[in-house]
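Below is one structure, written out as structure tokens; the observations come after it.
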Amino acid sequence: MSLPPGLRRTPMAWAAAVMLASLVVLALVGPLVWGASADRPDASAVLQGPSVGHPFGTDNLGRDVLARVLTATRPSLLLALAAVLLGAGAGILLGASTAVLGRRARRLTAGLINLLLAFPALLVAMFLAVVFGAGAAGAMLALAAAGVPGFARLTQTLAAGVAGTDHLAAARVLGLGRLRLLGRHVLPNIAEPLLLSTTTAAGTSLVALSGLSFLGLGVQPPGYDWGQLLNQGLDRVYAEPLPALAPGLAILYAALAFQLLGEVLAGNAARRGPAPRTPAPTPAPWGSPRPKAGGGPAEEGLVLQVEDLHVELPTPDGPIRPVHGVSLALRPGEIVGLVGESGSGKSLTALAIADLLPYGARVSRRTLRLLGADLAALAPKERDRHLATGLAMIFQNPASALNPALRVATQLTEAVRAHRGASRAQATAEAAEALRRVALPPAVLIRLS
């Protein structure tokens, strides 16, 4: 098993790699090599202690305990991994959805996560194992369901750090759907800590699954896993401890391997020192209250017409109004500059026009027309499409304006491909032409691809 370059000199990394490699080998070859002796009863060797032929003794049917422990590696690991992957997948989707849902749906989802976290995971797993029915499938589904709230809360916290970034706001301006926002802008930027948590949770899932089998709620005879073998050996633990010790050591070994892997990955991530993300509120749809359609009289030949724009933001000390009575008109080829000190409302003015104000902000205006269309008179989907194709916003902080999980060339061509159905080649050609118009060599697209 190869290690990433930054981990090759770490003893813990080598230990984790060797332990995981041994588990993989046992899971693959265990049933082939020891499966026959593990299932073969021998009436002449019932409940024997350790010997040369049976290092860990035999069970009540004369089957070799060591062979059964080695053969049980595959079902024990597969069930534990399946449970953690199902739980992590559902929890991650539930938690990440809070970054792209509307205000009401986000509150309901957050409330559901808080409610689910109020119940201890192990008790939930035991209850659901009874509901689903004793057996391998029921225990796996019970553990997966019990793990959903923890992953959902972690993902919700991580997604909050991406929800307020400029590149996600730009993706909203493009009109991307919620699934594409999740897949391209939210999940790729929080994948690393989620991977670390999933790796660590695999060891916890293995122990929990073995516990359910030990209690008779997991794998049922004639099948067996480490938990069931531990139960079978416990009856004679005082007379012959090795039959109970063998599956216990196997559970400890596998859980420790996953824990070490998580520690190694976490240490490697910390050494790389990713840029911290500051949680910020998720951008909201057009603020409230909405004015009625129709505003001031329309002027011919204007690209943008704004009259009497007001923005109000809530604070602990009461609302503030950083944007008050702003009016501007922009004609084709014209440049309008907004001048003011930091915090005076310049960016909020642009965000209000682009429908990207944070939640809680209230906006009112007498007139807001873009390319001749009154935005207040458009249906929400029509307004979003009109903004996505008729307006572009260049954010002042490139560190958050560009999505670090996507190539720059992909982001330069995304608008054309998303709203005009252009092919990759056509979008690249149009992006190259746009670069020429601003005196940038088109070859930059190749370097950024």
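Just so you know, in the range 11-21 the residues that are surrounded by fewer than 17 Cβ atoms within 10 Å (Cβ to Cβ) and in contact (Cβ under 8 Å) with a residue 24 or more places away in the chain include one that is nearest to P243 (Cα to Cα), and it is L20. Residues of the range 126-140 that are touching a residue at least 24 places away in the same chain (Cβ under 8 Å) and not in a loop (DSSP other than H, G, I, E, B): M126, A129, V130, A136, G138, A139, M140. Reported count of residues in the range 367-381, each being in contact with a Pro (Cβ under 9 Å, 6 or more places away or on another chain), under 18 Å from E300 (Cβ atoms) and surrounded by fewer than 21 Cβ atoms within 10 Å (Cβ to Cβ), is 0.
Looking only at residues in the range 375-411 that are part of a loop (DSSP other than H, G, I, E, B) and either small (G, A, S) or over 19 Å from L357 (Cβ atoms) (or both), the one that is farthest from the chain's Cα centre (by Cα) is A379.
Has the range 351-367 got at least one residue that is free of Cβ contacts under 8 Å to residues at least 40 places away in the same chain and more than 20 Å from R103 (Cα to Cα)? No, there is no match, as no residue in the range 351-367 is free of Cβ contacts under 8 Å to residues at least 40 places away in the same chain and more than 20 Å from R103 (Cα to Cα). Remark: E307 falls outside the filter, which requires a residue to be in a loop (DSSP other than H, G, I, E, B) and either over 38 Å from the mean Cα position of the chain (by Cα) or closer than 20 Å to H386 by Cα (or both).
Exactly one residue out of T413, T349 is of a type in the set (S, T, N, Q) and in contact with a helix residue (DSSP H, G or I) (Cβ under 6 Å, 6 or more places away or on another chain), and it is T413. Could you check the range 195-237 and list, in sequence order, the residues that are among the acidic types (D, E) and within 24 Å of G133 (Cα to Cα)? Passing the criteria: only D225. The helices (runs of 4 or more DSSP H) found wholly in the range 141-214 and carrying at least 2 residues that are of a type in the set (S, T, N, Q) and either assigned by TED's automatic domain parsing to the domain that holds G87 or in contact with a Gly (Cβ under 9 Å, 6 or more places away or on another chain) (or both) occupy 187-214. With G87, G35, G91 as the choices, which residue is in the same structural domain as I113 (by TED's automatic domain parsing), in contact with a helix residue (DSSP H, G or I) (Cβ under 8 Å, 6 or more places away or on another chain) and at pLDDT below 90? Only one candidate passes the filter, namely G35.
Can you tell me which residue in the range 228-238 is farthest from the chain's Cα centre (by Cα), limited to those that are without any contact (Cβ under 8 Å) to a residue 60 or more places away in the chain and outside any helix (DSSP H, G or I)? Checked the range 228-238; the qualifying residue farthest from the chain's Cα centre (by Cα) is Y238. Restricting attention to the range 215-227 and to residues that are surrounded by 21 or more Cβ atoms within 10 Å (Cβ to Cβ) and either outside the structural domain of L70 (by TED's automatic domain parsing) or part of a loop (DSSP other than H, G, I, E, B) (or both), the residue that is nearest to the chain's Cα centre (by Cα) turns out to be G218.
Condition check ((1) in contact (Cβ under 8 Å) with a residue 24 or more places away in the chain; (2) outside any loop (DSSP other than H, G, I, E, B); (3) surrounded by fewer than 18 Cβ atoms within 10 Å (Cβ to Cβ)) across all residues:
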residue	(1), (2), (3)
G35	yes, yes, yes
P41	no, no, yes
P50	yes, no, yes
L61	no, no, yes
A80	yes, yes, no
L85	yes, yes, yes
G89	no, yes, yes
R106	yes, yes, no
V124	no, yes, no
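Of the residues making up the range 317-325, one or more are modelled with pLDDT of 65 or more, of a type in the set (V, I, T) and under 30 Å from T165 (Cβ atoms).
Residues of the range 341-354 that are of a type outside the set (A, V, I, L, M, F, W, C) and within 19 Å of E307 (Cβ to Cβ): G345, K346, T349.
The values are calculated or read from the model by the stated rules, or taken from the named source; none is laboratory data. Quantities reported herein were computed from a predicted structural model and do not represent experimental measurements. When we count neighbours, we look across all protein chains shown, and the Cβ atoms used for this are built from the backbone with ideal geometry, even at glycine.
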